[in-house]
Amino acid sequence: MSKIPNGHEIIQLFEQFSPKSYALEGDKIGLQVGTLNKKIYNIMITLDILDEVIDEAIEKKVDLIIAHHPPIFRPIKNLITDTTYGKMIEKCIKHDIALYAAHTNLDVTHGGVNDLLAQALKLTDTKVLVPTMNKQLVKLVVFVPKDNENAVREALGNAGAGHIGNYSHCTFATAGEGSFLPLEGTNPYIGQVGKVEYVDEVRLETIFPKELERQVISAMKKAHPYEEVAYDLYHLEQDGEQLGLGRIGKLEREMTLHEFAEFVKTALEVERVRVVGKKDSIICKVAVLGGDGNKYIQQAKFQGADVYVTGDLYFHVAHDAMMLGLNVVDPGHHAEKVMIKGVADKMSALVTEKNYEVNIIESEVNTNPFTFI
């Protein structure tokens, strides 16, 4: 049976995909306007929040907007509704539209902005360009009756536990004997109240990233037959999967810089690109970083990129890239619009899995402030 979710349930789903903990320090993310204490019927995904986007949301009866660029990024000294910005926020409040922002956490996460850009450019063998963190790993040990081992193992794997490299559902099991004494008021799955019971059990072990703890434990308890589940959690010192900004990978085929620039225009659906480098340079390895990537030209060069695809390239940074011998293609900051369809597709899959009755809408407003003449 389908369910109309509230805002907290929707954001909980979204943050399983793009956890707040992935964001860079000081980033302005999360709920910025409105409330999540309401039913959500329509969600709109957008790159930016502008007045025209709010008008679109009002027309489409949107309850929640998920944006990549935070509408409140700098401290607000006042909120005057005679200004365009003030009117925009006023419209949100009057029409009960909540605004939620996922910025660098959406850049970093798997399937986020940088993975979507790399996929659009058809890069293979991709890895993180600028590491920002390692996932904290947790080891789970749970004691399960032998007959229920496979059911619990499957539930843990389906919840995201046991992923190691390109393998999933990784566990280790040790056979043993468990014992317990059901006391008055209990309803034991095995045994009788007041009598010590001895059971053939399995010590089942697996690992998972810290951010999945709630869903892994919940899945384990639902699959486990016991009224009281015996389990242990160990926070591991070893580093988990590396996360970070940007991606670097290989092109499907070798191109000249001129050919690659034309390819970028088509792949990222942009009208123009700015190019630094010799047009006949050979391009095999590509670094890409959504948004403003001026800080990271050294990392792109150090990791062996033949070209760096990023937006908002500064004049003097372009000179620096030339001196490094690094080609650059700048498709503009708005190339991050790939996140609209990417996030909409991801959220559609997540709400369908939970059987939530909610519509996911892709914003159709062009928020690029630049035109070419």
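Percent of accessible area on the chain owned by carbon and sulfur, 1.4 Å probe? If you can, show how the numbers build up before the last one.
Values: 10000 of 19820 Å².
Summing carbon and sulfur atoms, their accessible area is 50 percent of the total for the chain.
How large is the accessible surface per residue of segment 88-136, computed with a 1.4 Å probe and reported in Å² as a whole number? Mind dumping the intermediate values first?
Working: 1860 Å² over 49 residues.
For segment 88-136, the per-residue accessible area is 38 Å².
Can you tell me the orientation of helix 315-324 relative to the chain, as the angle in degrees between its alpha-carbon axis and the longest Cα principal axis, to the nearest 10?
That works out to roughly 80 degrees.
I'd like the Karplus ³J(HN,Hα) series for segment 97-107: coefficients 6.51, -1.76, 1.60, θ = phi - 60°, whole numbers in Hz, and an x wherever there's a Gly or Pro.
9, 8, 10, 10, 10, 10, 9, 5, 5, 6, 5
With +1 assigned to the C-beta of every Lys and Arg and -1 to the C-beta of every Asp and Glu, and no other charges, what is the dipole magnitude of the chain about the Cα centre in debye, to the nearest 20? Don't skip to the end; give the middle numbers.
Working: 39 positive and 52 negative charges, 115 e Å.
Using only the charged Cβ atoms, the result is roughly 560 debye.
Once fully extended, how much extra length lies between L183 and R274, figured as 0.36 nm per residue of separation less the alpha-carbon to alpha-carbon distance?
Working: separation 91, 0.36 × 91 = 32.76 nm, distance 7.41 nm.
That works out to 25.3 nm of additional length.
Where in segment 80-124 does the label zone of D320 land, with the point 7 angstrom along Cα→C-beta and an amide N cut-off under 11 Å?
Flagged as within label range: none.
Enter the accessible area of S179 (Å², nearest 10), with the probe set to 1.4 Å and all protein chains included.
Estimated to the nearest 10 Å², S179 gives 80 Å².
Multiplying the sequence separation of Q119 and E252 by 0.36 nm and subtracting their Cα-Cα distance, what value in nm do you get? Walk me through the intermediate numbers first.
Numbers: separation 133, 0.36 × 133 = 47.88 nm, distance 1.13 nm.
Answer, rounded to one decimal: 46.7 nm.
Mind checking the angle between helix 257-267 and the chain's longest principal axis? C-alpha axes, 0 to 90 degrees, to the nearest 10.
So the inclination is approximately 60 degrees.
Note down the nm distance, to one decimal, between modelled labels 7 Å out along Cα→Cβ at N359 and at K28.
With each label point 7 Å from Cα toward Cβ, the separation is 3.0 nm.
So what are the ³J(HN,Hα) numbers for segment 28-40, from phi and the Karplus equation (6.51, -1.76, 1.60; θ = phi - 60°), rounded to whole Hz, Gly and Pro as x?
Ordered by residue, 3J(HN,Hα) equals 9, 10, x, 5, 10, 9, x, 9, 9, 7, 6, 6, 10 Hz.
Please give the residues of segment 339-359, grouped as numeric ranges, whose backbone N is less than 18 Å from a label point set 7 Å along the Cα-to-Cβ vector of M1.
354-358
Assuming R0 = 30 Å, can you tell me the calculated FRET efficiency for the pair E52 and H8, based on Cβ-Cβ distance, to the nearest 0.05? Write out the running numbers ahead of the final one.
Details: r = 28 Å, r/R0 = 0.95.
After rounding, the FRET efficiency stands at 0.60.
For Cα Rg over 2.2 N^0.38 Å, one of [x] 0.92; [y] 1.19; [z] 1.02 was computed from the structure I shared and the rest are decoys. Which label?
Computing Cα Rg over 2.2 N^0.38 Å and matching it to [x] 0.92; [y] 1.19; [z] 1.02 gives [y].
How about K139: which aspartates and glutamates have a C-alpha closer than 16 Å to its C-alpha, ignoring those fewer than 8 places off in the same chain?
Once the sequence-local aspartates and glutamates are set aside, what remains near K139 is E205, E211, E213, D232, E237, D239, E241.
At what distance in nm do the modelled label points of Y85 and Y231 sit from each other, each positioned 7 Å from its Cα along Cα→Cβ?
4.6
Amide H of V229: which non-local residues (sequence gap of 5 or more, or other chain) have their own amide H closer than 5 Å, using H built in the peptide plane?
Correct list: empty.
With every protein chain kept in place and ligands, DNA and RNA left out, what is the accessible area per residue of segment 278-322? Probe 1.4 Å, answer in Å².
Values: 2280 Å² over 45 residues.
Heavy-atom SASA per residue in segment 278-322 reads 51 Å².
For the chain, take the longest principal axis of its alpha carbons; what is the angle in degrees between that and the long axis of helix 338-353, to the nearest 10 within 0 to 90?
Taking the Cα atoms of the chain, the angle to 338-353 is about 20 degrees.
Place +1 on the Cβ of every Lys and Arg and -1 on the Cβ of every Asp and Glu in the chain, take the dipole about the Cα centre, and give the residue among V338, F180, V142 whose Cα lies farthest towards its positive end.
V338
Assuming R0 = 41 Å, what is the FRET efficiency of T371 and I164, from their Cβ-Cβ distance, to the nearest 0.05?
Numbers: r = 49 Å, r/R0 = 1.19.
In this case the efficiency is close to 0.25.
Let me spell out the model: positive unit charges on the Cβ of Lys and Arg, negative unit charges on the Cβ of Asp and Glu, origin at the Cα centre of segment 212-302. What dipole size does that give, in debye rounded to 20?
Details: 14 positive and 15 negative charges, 130 e Å.
Magnitude of the dipole: close to 620 debye.
Taking amide H positions as placed in the peptide plane 1.01 Å from N, state which residues far from Y41 in sequence (5 or more) or on other chains have amide H under 5 Å from it.
Distant-sequence amide H within range of Y41: D63.
In whole percent, what relative contact order does segment 1-98 give with Cα contacts below 8 Å and a gap of six or more residues? Before the final figure, lay out each step's value.
Working: 107 pairs, mean separation 31.3, N = 98.
Result for segment 1-98 is 32 percent.
Dipole magnitude of segment 80-233 about its Cα centre, charges +1 at Lys/Arg Cβ and -1 at Asp/Glu Cβ only, in debye to the nearest 20?
Working: 15 positive and 20 negative charges, 124 e Å.
Rounded to the nearest 20 debye, it is 600 debye.
With an 8 Å Cα cut-off and a minimum separation of 6 or more residues, compute the relative contact order for the chain in percent.
Details: 757 pairs, mean separation 78.1, N = 373.
It rounds to 21 percent for the chain.
Using a Förster distance of 45 Å, how high is the FRET efficiency between N42 and F302, based on the Cβ-Cβ distance and rounded to 0.05?
Working: r = 45 Å, r/R0 = 1.00.
FRET efficiency, N42 to F302: 0.50.
The values are calculated or read from the model by the stated rules, or taken from the named source; none is laboratory data. Source: prediction; values computed, not measured. All Cβ positions, glycine included, derive from the backbone under ideal geometry; neighbour counts span all protein chains shown. The area values use the complete protein model at the heavy-atom level, side chains included, leaving out ligands, DNA and RNA. Shrake-Rupley method; radii C 1.70, N 1.55, O 1.52, S 1.80 Å.
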